[in-house]
Amino acid sequence: MKKVIKLLSVLIILSSNLTAQEKSMKEKAMSEFKKEHYNKAIELMEKAKKEHPKDAEIYYYLGFFNHYRAYDSRPLAGYDFSHSQKIFQYLDKAIELDPNHGNAKYFYGAECSANAFNSLQDYELDSLKYFYRRAYEKGAYPEWLLEFGRNMLNSCDKNAILFTVGNPDHDVCSYLQLHENVRTDITVLSTFYTNRPWYVKFLKNGLEGGVRDLTINLTDKQIMRIHNFKWDTTTVNIPLSQQIRKRYDLQGDFNMKWTVAPDLQSNRKHKKIENEKIKKRVYLSVRRAMILQIVEDNYNKRPIYFSNFKDSFIYAGLDKFFRDCGFVSKVLPFKTKNTEYSHNYNKIQQLIKKDRIKDYSTIKETDIPRISGIATYGYSRAFLKLAEHYKNQDKSKKLDELIHRYKIYIGIGFKQEKENYYLNELEKLKN
């Protein structure tokens, strides 16, 4: 009996050691990744894969790490589509081993998106459509996200320009336009790609059947030579059309005055002219300069919207002119804070109608943890904005109905802590 107990103890110790080794390998890989030692992180995760070939998490991290090394670090020497195929293989295996691995599906979609942007650069419509379809078929755009994308697009006026964040909103909107013909009148563009000359040139040219073009009053040579520009905080004066002045009852000499601050700084010191105090050189980044260019060149021609899911830093001060429509904000020609134009409550009401939030509940079964919070936050925020409006209008019955609808459609136990927070904020307004 003592021998059996001793043998069992040895087996338990060995099992514990193996588990510790597995965790140690993963932890080492994660540690190297955090230090931006990507090659080392991948090497360690490959070793973990050999020891544990049925671990979905390992394949997910291999897809994630290789994707990051290829697109989010410095250029990967020798990169071609075979590298992308390897990433797809890792993520395919992760999803095969764990069909509910939402983050593996997210990076599968991100890899498709990276290839889709390569297709944009080459003006290849069929290839562009193929990669967005491939992402959809792998589950990167579940029903709740498609509903989210439709709601975002349908919150914009006809012929709008919509600046998006990136993968969470840009890709699903692009899929809906390309494969479901949803709001193809809108030009959807990724703010984070506007620092790339080829993308700015592409937006100027457009792609028939794929992406509607923009007005960009720069020559192709100017576009391909864009760089970080020397810039101090400057107020840009955007003349307004008679139509816009009439719509908002503005005086004849009223123009949009947008103060644009620099967003880059170097340690290099300078002075532009004699007797000026020496100071550090500041610059306007390519991204901010191109946002300015697009707004300036298109404002009088087409409605301009921004996704509400960005870091406010990206807006370059333009958020002072925003009219909140729920998921997006429209750029108005004047500052909107504490005015009747700060929110478009009709559009927010439309956003949270029953038939426009019916698929949100599917998020529990098809969660994509890296991006699902965008939907929870977006809908909850819209409910709260509308509730505050009802409170100010002394519409207690509508407020009660709104809270009841929140409990049914959004308070589903998916993000319990956040749901409770917003529900408490809604309930406070009843007092």
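Here, each number is a calculation from the coordinates, and none is a lab measurement. Not measured: the values here are computed from a predicted model. Virtual Cβ from ideal backbone geometry, glycine too; neighbours counted across all protein chains shown.
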Checklist outcome for this item: Everything considered on the Cα gyration tensor (a ≥ b ≥ c; rounded for a/c under 1.5, else prolate if a/b is larger than b/c, else oblate), region 19-175 must be described as prolate
Checklist outcome for this item: Listed with the fewest Cβ neighbours within 10 Å leading, TYR130, TYR305 appear as TYR130, TYR305
Checklist outcome for this item: Karplus ³J(HN,Hα) for region 232-240 (6.51 cos²θ - 1.76 cosθ + 1.60, θ = phi - 60°; Hz, whole; x = Gly/Pro) runs 9, 3, 9, 8, 9, 9, 9, x, 10
Checklist entry - Helix 2-34 versus the longest principal axis of the chain: what is the Cα-based angle in degrees, 0 to 90, to the nearest 10? => result 30
Checklist entry - Rounded if a/c is under 1.5, else prolate if a/b beats b/c, else oblate: with a ≥ b ≥ c from the C-alpha gyration tensor eigenvalues square-rooted, which is region 349-428? => result prolate
Checklist entry - When the chain is treated as a GNM, springs tying every alpha-carbon pair under 10 Å, which of LYS320, LYS337, LYS221 comes out with the largest mean-square fluctuation? => result LYS221
Item to check | Antiparallel DSSP beta bridges within the chain, percent to nearest 5 | outcome: 70
Checklist entry - Which pairs in the list LYS158/LYS330; LYS201/LYS301; LYS204/LYS330; LYS28/LYS50; LYS221/LYS279 are over 24 Å apart, alpha-carbon to alpha-carbon? => result LYS221/LYS279
Next on the checklist: Can you tell me which of LYS272, LYS418, LYS129 moves the most in a GNM of the chain? Springs connect C-alpha atoms under 10 Å apart.
Outcome noted: LYS272
